[in-house]
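> I'd like to ask you about the structure that follows.
The values are calculated or read from the model by the stated rules, or taken from the named source; none is laboratory data. Just so you know, these numbers come straight off a predicted model, no measurement behind them. Here the Cβ is made from the backbone with ideal geometry for all residues, glycine too, and neighbour counts use every protein chain on show.
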Amino acid sequence: MSKGIAITGMGIISSVGATVEENLHSLKAATPGITRLANIETRHRDSIMVGEIKQTNAQLETQLGLEKENNLSRTSMLGIIAAKEALTQASINDIEAHRTGFISGTSVGGMDMTERYYDSYNESLEYIRYIETQHAGSTTGDIAKYLGIKGYVTTISTACSSAANAIMLGARMIKAGKLDRVIVGGTDGMSKFTINGFNTLMILSDEECTPFDEHRKGLNLGEAAAYIVLESDAIVANENKKVLGYVSGWANANDAYHQTASSSEGEGAYLAMKKALNVAKISPEQVDYVNAHGTATPNNDMSEGTAMTRIFGKETMPVFSSTKAFTGHTLAAAAAVEAVFSILSLQENIVFPNLNFKTPIADLSMTPQTTCLEKELDVILSNSFGFGGNCSTLIFTK
Amino acid sequence: MNKCYINGVASITAQPTTNGKFLEDIISYNDIIFKADNPNYKDFIKPSAMRRMSKSVKMGVTASKMAMEQARLEMPDAIITGTGMGCRQDSEKFLEKILYDDEQFLTPTLFIQSTHNTVGGQIALGLQCKGYNLTYVQSSASFESSLIDAQLMLTEDSNKKIVVGGIDEIAKTSSKFHILNGELKQQPIPNLELLQSKTTGTLLSEGATFMVLDGEKSTKNIAEIVDIEMIYTASIEETKKNIEDFIARQGLKIQDIDAVILGNNGDRQFDTYYQSLQTSIFTNTQQLYYKHLIGDYHVASAFGYWLTCNIFKHNNVPSIVKMNNLEVDEHKNILLYNQYRGENHSIALVRKC
């Protein structure tokens, strides 16, 4: 097993809590954050369930002490909240003390503001400050500026696997000695654009989502931001840093099957898991728990389940669950949310449950963990897949 | 450290840059926003596939094929793309339907093609490439983010062959918003007189630049990307120091740099970043620019690599890209520097092979 890259801090805001502590509490109590929409006007309000963070934009602005004339999107504000918590936990006070990078995944970016003010730009000057938020990188810039990070700052957008790729890139940069520490993760606010987009694909459930269930009806869209801090061994040793866990394996592969759908044999997912295990020098039997992508769409769970069966074997499947029934599918943030959950699992030695599961998928006969399970956990594998055939796997170790 | 060689490069821009000539025919525009000069996409894409493709996908797929042909590469190990705005035409159309049709009568196609990684995904799908696939959206450092990833990958494994590209397209309505917020000129100016402009803002265009990168030394090598650095924010003074430090780290002195390619875009407010270098550390260095030809957009800086490779190949610098009168017998080291509105700075050193 390779030692991996040290994780020294984490932060999160999701529909099950505005801090790591609150998220942990909800996970342990098996309390989901799936509700009806409150903050967005849409004709689909009564036909979908979502993992929505209930604070309004105005409340977030107040919490962050922003000026009235700011141009931060919801995606940026959620990102700042989570990234700040991660830095605090990692006891980083002087952001410029080491070569510090910031890598953020997003798919929505500032779309929530664009869809709100698109029509007003030609009419009045009041909201033209939001025009800049049209490019997704602006959200990363907002967060970097708030944190005072001036050097290597970049944004990854591979749809729903964005944050996994951000974590992977950060780990590779530290390993290669290009950075001393890096804040990695992702953020996506809820938007009418994504609600309608997923609605046209007919993969939004009108009930609480049921990952890996035979009768699953689709996903619940969610919103969240989550970041983790990765630091070099030298910093950890010199500053006597507390290590929460390690990112030990990572891989990215492409399904090369369809722009949005996954192949029935889960080729991309299979390749990502296989390569990540190789990077971590871990055999499939050593995996204690799989935090699955498990969006609860008919296509994903079938494809992912098939790929997992190919990797682990039907009879030797490790304990697995999808936590999407807690948070909804938080798109570009999902892998970072699940990275935080995986680290919590390692720390607490608890597998968080796959809520709402009743009947195994007939062709797979895989049963996820449906209640909190106390178990010694050393190795956790986490999957994230996205449009464009993007499949990524991360491996976290104690 | 392992090397990072360029084995092929192709660029679709507002100029005829895919005709095999080195900037011999120049198109002049008199618009704030001008479109790419389309190559014959049918030579590269089947008509059945092309019908569903947006401009970004067409440009990206074509430029990637051109670069791969040049590098005689059939299947890459990785596809890494950068884009500032992604598929903004389809995003805009989908958004307008949401807003103006009250979220009704929507079809999935526009949404499916609206994600930033559409081009990278489509190239992978076309090639059946199951390797590493990533898309960066870091404004004017989007392409450079891809390069840094590729360079890192070659450090990990020098056997990799990597397709790297940058794509951005113009959209009907949302591109014009940048006139309203002052990122663009308020009135049309002749593109070829960009540097004479006394106003703020720049000119917007679109394009796709792709390269094939390889860690192995071979006769295919055109140039070597020696190093590349991204700096999110820096003042003019810090920038000068950043560039001096960068050059020193390569074991070089300023006089070892045969030419510097700068991202001057005619914005009076922010071209000061370049001018302060032109009148200080680079006064005795050949100074080149290109945004008067191809406009500015988030991945315009990728064109600097096309320009560099062609200078090496042709052993000649077209006078239209020169900002000063210094002549160079043979170019070996070319430095590239770009920024946009004081953010997303990138510095790179490219060396002739």
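> Would you point out the residue of the stretch A:169-180, among those that are at the interface with chain B (Cβ under 9 Å from one of its Cβ atoms) and within 19 Å of the chain's Cα centre (by Cα), that is farthest from A:Tyr227 (Cα to Cα)?
Going residue by residue through the stretch A:169-180, those that are at the interface with chain B (Cβ under 9 Å from one of its Cβ atoms) are A:169, A:172-173, A:175-176, A:178.
From the residues that got through so far, the ones that are within 19 Å of the chain's Cα centre (by Cα) too are A:169, A:172.
Numbers: A:Leu169: 13, A:Arg172: 16 Å.
So, considering only residues that are at the interface with chain B (Cβ under 9 Å from one of its Cβ atoms) and within 19 Å of the chain's Cα centre (by Cα), the one farthest from A:Tyr227 (Cα to Cα) is A:Arg172.
> Being closer than 22 Å to B:Gln138 by Cα, in contact (Cβ under 8 Å) with a residue 24 or more places away in the chain and crowded, with 24+ Cβ neighbours inside 10 Å is the filter here; which residues of the stretch B:55-77 pass it?
If we filter the stretch B:55-77 for residues that are closer than 22 Å to B:Gln138 by Cα, which is where we start, we get B:55-61, B:63-64.
Now narrow it down to the ones that are in contact (Cβ under 8 Å) with a residue 24 or more places away in the chain: B:55-57, B:59-61, B:63-64.
Of everything in the stretch B:55-77, those that are closer than 22 Å to B:Gln138 by Cα, in contact (Cβ under 8 Å) with a residue 24 or more places away in the chain and crowded, with 24+ Cβ neighbours inside 10 Å turn out to be B:Ser56, B:Val57, B:Met59, B:Gly60, B:Val61, B:Ala63, B:Ser64.
> Tally the residues that are in a loop (DSSP other than H, G, I, E, B) and crowded, with 24+ Cβ neighbours inside 10 Å, restricting the search to the stretch A:95-112.
Adding up the residues that qualify gives 5.
> Taking the condition surrounded by 19 or more Cβ atoms within 10 Å (Cβ to Cβ) and either more than 16 Å from the chain's Cα centre (by Cα) or over 24 Å from B:Tyr297 (Cβ atoms) (or both), does B:Arg88 pass? Don't jump to the end; show me each part of the working.
Numbers: surrounded by 19 or more Cβ atoms within 10 Å (Cβ to Cβ): yes; either more than 16 Å from the chain's Cα centre (by Cα) or over 24 Å from B:Tyr297 (Cβ atoms) (or both): yes.
When the stated conditions are applied, B:Arg88 passes them.
> Could you check, for the stretch A:251-260, whether at least one of its residues is touching a helix residue (DSSP H, G or I) at 6+ places or on another chain (Cβ under 9 Å), surrounded by fewer than 24 Cβ atoms within 10 Å (Cβ to Cβ) and either away from chain B (no Cβ under 14 Å) or of a type in the set (S, T, N, Q) (or both)?
Checked the stretch A:251-260: at least one residue is touching a helix residue (DSSP H, G or I) at 6+ places or on another chain (Cβ under 9 Å), surrounded by fewer than 24 Cβ atoms within 10 Å (Cβ to Cβ) and either away from chain B (no Cβ under 14 Å) or of a type in the set (S, T, N, Q) (or both).
> If you don't mind, another one. Within the stretch A:113-155, count every residue that is in a loop (DSSP other than H, G, I, E, B) and of a type outside the set (S, T, N, Q).
Within the stretch A:113-155, the first condition is being in a loop (DSSP other than H, G, I, E, B), and the residues that meet it are A:118-127, A:135-136, A:148-152.
Of the ones still in play, those that are also of a type outside the set (S, T, N, Q) are A:118-119, A:121, A:123, A:125-127, A:135-136, A:148-152.
Residues that pass the stated criteria total 14.
> Taking the stretch A:362-387 as the search range and keeping residues that are touching an Asp or Glu at 6+ places or on another chain (Cβ under 8 Å) and small (Gly, Ala, Ser), which one is surrounded by the fewest Cβ atoms within 10 Å (Cβ to Cβ)? Walk me through it before giving the result.
Step one: of the stretch A:362-387, the residues touching an Asp or Glu at 6+ places or on another chain (Cβ under 8 Å) are A:362, A:375-380, A:382-385.
Applying the additional criterion that residues be small (Gly, Ala, Ser) yields A:362, A:382, A:384.
On the way: A:Ala362: 7, A:Ser382: 26, A:Ser384: 34.
Filtering the stretch A:362-387 for residues that are touching an Asp or Glu at 6+ places or on another chain (Cβ under 8 Å) and small (Gly, Ala, Ser), the one surrounded by the fewest Cβ atoms within 10 Å (Cβ to Cβ) comes out as A:Ala362.
> Could I ask something else about it? If you check every pair at least six apart or on different chains, which have Cβ atoms under 9 Å apart with a residue in the stretch B:219-247 that is among the basic types (Lys, Arg) first and a residue that is part of a strand (DSSP E or B) second?
Between residues of the stretch B:219-247 that are among the basic types (Lys, Arg) and residues that are part of a strand (DSSP E or B), the close pairs are B:Lys220/B:Tyr5; B:Lys220/B:Asn7; B:Lys220/B:Gly8; B:Lys220/B:Val212; B:Lys220/B:Asp214.
Here's the yes/no breakdown for (1) among the aromatic types (Phe, Trp, Tyr); (2) in contact with a Leu (Cβ under 7 Å, 6 or more places away or on another chain); (3) over 26 Å from B:Thr107 (Cβ atoms):
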residue: B:Ile6; (1), (2), (3): no, yes, yes
residue: B:Thr17; (1), (2), (3): no, no, yes
residue: B:Gly20; (1), (2), (3): no, no, yes
residue: B:Glu24; (1), (2), (3): no, no, yes
residue: B:Asp31; (1), (2), (3): no, no, yes
residue: B:Gly60; (1), (2), (3): no, no, no
residue: B:Glu74; (1), (2), (3): no, no, yes
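> Assess whether A:Tyr227 counts as being surrounded by fewer than 24 Cβ atoms within 10 Å (Cβ to Cβ), outside any loop (DSSP other than H, G, I, E, B) and within 18 Å of the chain's Cα centre (by Cα). First the steps, then the outcome.
On the way: surrounded by fewer than 24 Cβ atoms within 10 Å (Cβ to Cβ): no; outside any loop (DSSP other than H, G, I, E, B): yes; within 18 Å of the chain's Cα centre (by Cα): yes.
The answer is no for A:Tyr227.
> Determine if the stretch A:263-272 includes at least one residue that is away from every other protein chain (no Cβ under 12 Å), touching a residue at least 60 places away in the same chain (Cβ under 8 Å) and aliphatic (A, V, I, L, M).
Taking every residue of the stretch A:263-272 in turn, none turns out to be away from every other protein chain (no Cβ under 12 Å), touching a residue at least 60 places away in the same chain (Cβ under 8 Å) and aliphatic (A, V, I, L, M).
> If we scan the stretch A:355-368, do we find a residue that is closer than 21 Å to A:Gly11 by Cα, in contact with a helix residue (DSSP H, G or I) (Cβ under 8 Å, 6 or more places away or on another chain) and of a type in the set (D, E, K, R)? Write out each step before concluding.
From the stretch A:355-368, those closer than 21 Å to A:Gly11 by Cα are none; that's our starting set.
No.
> Could you give me the residue pairs with C-beta distances under 7 Å whose first residue belongs to the stretch B:325-342 and is assigned to a loop (DSSP other than H, G, I, E, B), whose second residue is of a type in the set (Asp, Glu) wherever it lies, and which are 6+ apart or on separate chains?
Matching pairs, first to second residue: B:Val328/B:Asp258; B:His331/B:Asp258; B:Lys332/B:Asp258.
> Restrict the check to the stretch A:122-142 and report whether at least one residue is more than 10 Å from chain B (Cβ to nearest Cβ) and at pLDDT 95 or above.
Looking for residues that are more than 10 Å from chain B (Cβ to nearest Cβ) and at pLDDT 95 or above, one finds at least one in the stretch A:122-142, hence yes.
> How many residues does the stretch B:29-47 hold that are without any contact (Cβ under 8 Å) to a residue 60 or more places away in the chain and assigned to a loop (DSSP other than H, G, I, E, B)? Don't jump to the end; show me each part of the working.
Taking the stretch B:29-47 first, the residues without any contact (Cβ under 8 Å) to a residue 60 or more places away in the chain are B:37-47.
Next, from what is left, pick out any that are assigned to a loop (DSSP other than H, G, I, E, B): B:37-40, B:44-46.
Residues flagged as without any contact (Cβ under 8 Å) to a residue 60 or more places away in the chain and assigned to a loop (DSSP other than H, G, I, E, B) within the stretch B:29-47 amount to 7.
> Then there's this: Name, by its number, the condition in (1) hydroxyl-bearing (Ser, Thr, Tyr); (2) crowded, with 24+ Cβ neighbours inside 10 Å; (3) more than 14 Å from chain B (Cβ to nearest Cβ) that does not hold for A:Thr359.
Going through (1) hydroxyl-bearing (Ser, Thr, Tyr); (2) crowded, with 24+ Cβ neighbours inside 10 Å; (3) more than 14 Å from chain B (Cβ to nearest Cβ) one by one, A:Thr359 breaks only (2).
> When you go through A:Thr187, A:Thr194, A:Thr210 one by one, which is the residue that is polar (S, T, N, Q), away from chain B (no Cβ under 12 Å), touching a residue at least 40 places away in the same chain (Cβ under 8 Å) and farther than 17 Å from A:Asn299 by Cα? If you could, list the steps in order and put the result at the bottom.
Working: A:Thr194 fails: away from chain B (no Cβ under 12 Å); A:Thr210 fails: farther than 17 Å from A:Asn299 by Cα.
Selected residue: A:Thr187, the only one of A:Thr187, A:Thr194, A:Thr210 that is polar (S, T, N, Q), away from chain B (no Cβ under 12 Å), touching a residue at least 40 places away in the same chain (Cβ under 8 Å) and farther than 17 Å from A:Asn299 by Cα.
> Going by the structure shown, is A:Ala296 touching a helix residue (DSSP H, G or I) at 6+ places or on another chain (Cβ under 7 Å), crowded, with 22+ Cβ neighbours inside 10 Å and within 14 Å of chain B (Cβ to nearest Cβ)?
The answer is no for A:Ala296.
> For the stretch A:313-342, which positions are polar (S, T, N, Q) and over 8 Å from the mean Cα position of the chain (by Cα)? Give the derivation first.
The first filter runs over the stretch A:313-342 and keeps only residues polar (S, T, N, Q), leaving A:316, A:321-323, A:327, A:330, A:342.
Residues satisfying the conditions are A:Thr316, A:Ser321, A:Ser322, A:Thr323, A:Thr327, A:Ser342.
> Right, next: Give just the number: which of (1) on the phi > 0 side of the Ramachandran plot; (2) touching a strand residue (DSSP E or B) at 6+ places or on another chain (Cβ under 7 Å) does B:Asn315 not satisfy?
Answer for B:Asn315: the failing condition is (2).
> Just a yes or no: is a residue in the stretch A:98-107 over 22 Å from B:Ile231 (Cβ atoms), facing chain B (nearest Cβ under 8 Å) and within 19 Å of the chain's Cα centre (by Cα)? It would help to see each step written out before you state the result.
To start, the set of residues in the stretch A:98-107 that are over 22 Å from B:Ile231 (Cβ atoms) comprises A:107.
Applying the additional criterion that residues be facing chain B (nearest Cβ under 8 Å) yields A:107.
Retained after the next criterion (residues that are within 19 Å of the chain's Cα centre (by Cα)): A:107.
Yes: the stretch A:98-107 contains one or more residues that are over 22 Å from B:Ile231 (Cβ atoms), facing chain B (nearest Cβ under 8 Å) and within 19 Å of the chain's Cα centre (by Cα).
> A follow-up question, please. Applying the selection to the stretch A:77-100, what residues are β-branched (Val, Ile, Thr) and over 17 Å from A:Gln55 (Cα atoms)? Give the derivation first.
Of the residues in the stretch A:77-100, the ones β-branched (Val, Ile, Thr) are A:80-81, A:88, A:92, A:95, A:100.
Across the stretch A:77-100, the qualifying residues are A:Thr88, A:Ile92, A:Ile95, A:Thr100.
> Among A:Leu244, A:Leu201, A:Leu230, A:Leu219, which is under 26 Å from B:Asp90 (Cβ atoms) and more than 13 Å from chain B (Cβ to nearest Cβ)? Let's see the steps before the verdict.
On the way: A:Leu244 fails: under 26 Å from B:Asp90 (Cβ atoms); A:Leu201 fails: more than 13 Å from chain B (Cβ to nearest Cβ); A:Leu230 fails: under 26 Å from B:Asp90 (Cβ atoms).
Testing whether each residue is under 26 Å from B:Asp90 (Cβ atoms) and more than 13 Å from chain B (Cβ to nearest Cβ) leaves just A:Leu219.
> Moving on. For the stretch A:143-160, which residues satisfy the criterion of being more than 7 Å from chain B (Cβ to nearest Cβ) and of a type in the set (Gly, Ala, Ser)?
Within the stretch A:143-160, just A:Gly148 meets the criteria.
> Let me ask something additional. Return the pair list, or none, for Cβ contacts closer than 7 Å from residues in the stretch A:373-386 that are within 14 Å of chain B (Cβ to nearest Cβ) to residues that are assigned to a strand (DSSP E or B), at least 6 apart or on different chains.
Partner pairs satisfying both residue conditions: A:Ser384/A:Ser392; A:Phe385/A:Cys391.
> A further question follows. Of all the residues that make up the stretch B:64-90, how many are within 11 Å of chain A (Cβ to nearest Cβ) and polar (S, T, N, Q)?
Final tally of qualifying residues: 2.
> So which residues in the stretch B:16-31 are more than 20 Å from B:Gly266 (Cα to Cα) and surrounded by 12 or more Cβ atoms within 10 Å (Cβ to Cβ), if there are any at all? Break it down into steps so the answer makes sense when it comes.
Of the stretch B:16-31, the ones more than 20 Å from B:Gly266 (Cα to Cα) are B:16-25.
Selection gives B:Pro16, B:Thr17, B:Thr18, B:Lys21, B:Phe22, B:Leu23.
> Which of the residues that make up the stretch A:230-257 are in a loop (DSSP other than H, G, I, E, B) and of a type in the set (Val, Ile, Thr)?
Going residue by residue through the stretch A:230-257, those that are in a loop (DSSP other than H, G, I, E, B) are A:232, A:239-244, A:255-257.
Residue satisfying the conditions is A:Val243 alone.
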